[in-house]
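Below is one structure; the comments refer to it alone.
Bear in mind that the values in this text are calculations on the coordinates, not laboratory data. Just so you know, these numbers come straight off a predicted model, no measurement behind them. When we count neighbours, we look across all protein chains shown, and the Cβ atoms used for this are built from the backbone with ideal geometry, even at glycine.
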Amino acid sequence: MDDKIIIYQKPTCSKCRTALSLLKDSGKEFESVNYYETPLSANKLRELIRKLNVSVHEVLRKDEPSAISLSDASDDEIIEAMIRNPDLIQRPIVVRGESAKLCRPPENILELLK
């Protein structure tokens, strides 16, 4: 099984910076993906949501102004909106193999580091 750790993050996000710090302190190797510089595809976002084992609506940052119009949207419409506007994606998302965690709070990352 691939045990590689990947963090999907936004560098200006304080929770992302804290999660990155926790990863660095762990001494484990990881890859960091700034999904603003390397945009996620719809398929990649669907894969992350599957690994998170949550609904599409749970990955949507509902406090973003543009999220209001998505309250009755389908999963596909929400995913397309997230691809167009990455601010709509909850962050950071950390993947290890087939497991993933939404690291809000950042300490959720510790479950993946065991």
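In the range 5-112, what is the volume of the convex hull around the alpha carbon atoms, normalised per residue and reported in Å³?
Taking only Cα atoms, the range 5-112 has a hull volume of 92 Å³ per residue.
Would you kindly derive the ³J(HN,Hα) couplings of the range 50-58 from the backbone phi angles with the Karplus curve 6.51 cos²θ - 1.76 cosθ + 1.60 (θ = phi - 60°), listing them in order in whole Hz, with x for Gly and Pro?
Along the range 50-58, the couplings run 4, 5, 5, 6, 10, 7, 4, 4, 6 Hz.
If each residue's Cβ is checked for other Cβ atoms within 10 Å, how do Thr38, Thr18 rank with the fewest at the top?
So the ranking, lowest neighbour count to highest, is Thr38, Thr18.
Within the chain, which cysteines find no other Cys whose Cβ is under 4.7 angstrom from their own?
Cys103
Return the distance in nm (one decimal) between the two label points of a simple spin-label model at Leu110 and Thr12, each offset 7 Å from Cα along Cα→Cβ.
Going from the Leu110 label point to the Thr12 one covers 3.0 nm.
In the chain, what % of DSSP beta bridges are antiparallel (nearest 5)? Present the calculation step by step, with values, prior to reporting the outcome.
On the way: 9 of 14 bridges.
That works out to approximately 65 percent antiparallel.
Per 0.36 nm of contour for each residue apart, how much would the distance between Thr38 and Lys4 grow if the chain were fully extended, relative to their Cα-Cα spacing?
Value of the extension gain: 10.4 nm.
If you build a Gaussian network model of the chain, linking Cα atoms that sit under 10 Å apart, which residue out of Asp75, Asp87, Asp63 swings the most?
Answer for the Gaussian network model of the chain: Asp63.
Please compute the net charge surrounding Lys28, taking Lys and Arg as +1 and Asp and Glu as -1 over other residues with Cβ under 15 Å from its Cβ.
So the environment of Lys28 carries a net charge of -1.
For Lys4, list the aspartates and glutamates whose Cα falls under 13 Å from its own Cα; do not include residues on the same chain fewer than 8 positions away.
Glu29, Glu31, Glu98
For the pair Ile68 and Asp25, how long in nm is the line joining their label points, each one 7 Å along Cα→Cβ?
3.8 nm
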